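The values are calculated or read from the model by the stated rules, or taken from the named source; none is laboratory data. Please read these numbers as outputs of a predicted model, since none were measured by experiment. All Cβ positions, glycine included, derive from the backbone under ideal geometry; neighbour counts span all protein chains shown.
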Amino acid sequence: MINIGILVFQKIEELDFIGPFEVLSYVNKIKSESTNVWLVSDEEQIVQGYNGLRFFADYTIDNCPKLDVLVVPGGQGRKAVMENDKVLSFIKNRYIELKYLSSVCTGALIIGATGLLKDKSATTYHTAFDELSKMGVAVQKSKVVQDGKIITGAGVSSGMDVGLYLLSRLFDEVTAQQVADKIEYNWSKKL
């Protein structure tokens with residue numbers, strides 16, 4: 001079983017985490033009991049997304065089980081998260097054990113705030129290219145960029161592509177394409 005955590009926080013962009021959640025969970029309909037996908041927040045609370053969606057996380061960063069993959073979404077709330085030492089430490093400490101650390105949209109800036117993206121290639125939402133570049137990151141204009149075990153996705157809808165790309169790495173491209181076909185998503189492996 002592959003354990004996947006998706007970091008959630010106040011004013012998160014909803015599609016940034018719902019897209020990967022759907023894709024990374026859907027694989028269980030093709031390969032039974034292959035992934036656990038959990039939402040992880042900094043504390044027990046009702047989380048409210050930027051557009052008003054309210055939900056609870058499965059775990060806090062204090063009681064989160066071992067993860068193989070951590071996905072860091074973006075949104076307006078990322079500005080406060082970038083200054084939250086507890087969350088940044090969680091990402092840095094978990095990075096060692098992760099197979100992949102991933103981001104969607106401006107979640108790359110949260111990873112950038114940890115220092116883990118310095119001197120690496122990455123992508124983010126197009127209006128945040130300059131901000132990411134100032135963190136010592138070689139910004140690429142691409143839907144998904146992988147540099148080592150860090151995988152970053154561009155704008156909001158890129159969460160679907162990030163999820164499928166992760167499936168292609170965690171399983172294989174055939175499995176990722178099966179998920180894309182089942183959810184009727186036109187996935188281009190040429191990112």
- Message: So, residue 67, is that one within 30 Å of residue 175 (Cα to Cα), at pLDDT 95 or above and assigned to a loop (DSSP other than H, G, I, E, B) or not?
- Response: yes
- Scan 47, 23, 40, 27 and give me the residue that is assigned to a helix (DSSP H, G or I) and either of a type outside the set (A, V, I, L, M) or over 16 Å from residue 153 (Cα atoms) (or both). 27
- Task: Scan the stretch 141-172 residue by residue and report those that are within 23 Å of residue 92 (Cα to Cα) and of a type in the set (S, T, N, Q).
- Result: 146, 152
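Yes/no per residue for (1) touching a residue at least 40 places away in the same chain (Cβ under 8 Å); (2) surrounded by fewer than 20 Cβ atoms within 10 Å (Cβ to Cβ); (3) touching a Leu at 6+ places or on another chain (Cβ under 6 Å); (4) farther than 23 Å from residue 144 by Cβ:
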residue	(1), (2), (3), (4)
3	yes, yes, yes, no
8	yes, no, yes, no
12	yes, no, no, no
28	no, yes, no, no
32	no, yes, no, yes
38	no, yes, no, no
59	yes, yes, no, yes
- If we ask which residues in the stretch 156-179 are within 15 Å of residue 74 (Cα to Cα) and surrounded by fewer than 21 Cβ atoms within 10 Å (Cβ to Cβ), their number turns out to be 2
- Task: Tally the residues that are over 15 Å from the mean Cα position of the chain (by Cα) and either within 21 Å of residue 96 (Cβ to Cβ) or buried (at least 20 other Cβ atoms within 10 Å of the Cβ) (or both), restricting the search to the stretch 40-56.
- Result: 3
- Task: Kindly establish whether residue 2 is hydrophobic (A, V, I, L, M, F, W, C), within 16 Å of the chain's Cα centre (by Cα), more than 22 Å from residue 84 (Cα to Cα) and modelled with pLDDT of 95 or more.
- Result: yes
- Message: Just to be sure I understand the filter: pairs with C-beta atoms under 9 Å, separated by 6 or more residues or on different chains, first member in the stretch 72-99 and acidic (Asp, Glu), second member at pLDDT 95 or above and not in a helix (DSSP H, G or I). Which pairs pass?
- Response: 97/66; 97/67; 97/68
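Can you tell me which of 188, 158 is under 20 Å from residue 14 (Cα atoms), at pLDDT below 95 and small (Gly, Ala, Ser)?
158
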- Query: When both residues are 6+ apart or on different chains and their Cβ atoms are under 8 Å apart, which pairs have a first residue that lies in the stretch 122-140 and is over 15 Å from residue 78 (Cα atoms) and without any contact (Cβ under 8 Å) to a residue 60 or more places away in the chain, and a second that is among the small types (Gly, Ala, Ser) and in a loop (DSSP other than H, G, I, E, B)?
  - Reply: 123/142; 123/154; 126/154; 126/155
- Checking residue 46 against (1) on the phi < 0 side of the Ramachandran plot; (2) touching a residue at least 60 places away in the same chain (Cβ under 8 Å), the condition it does not meet: (2)
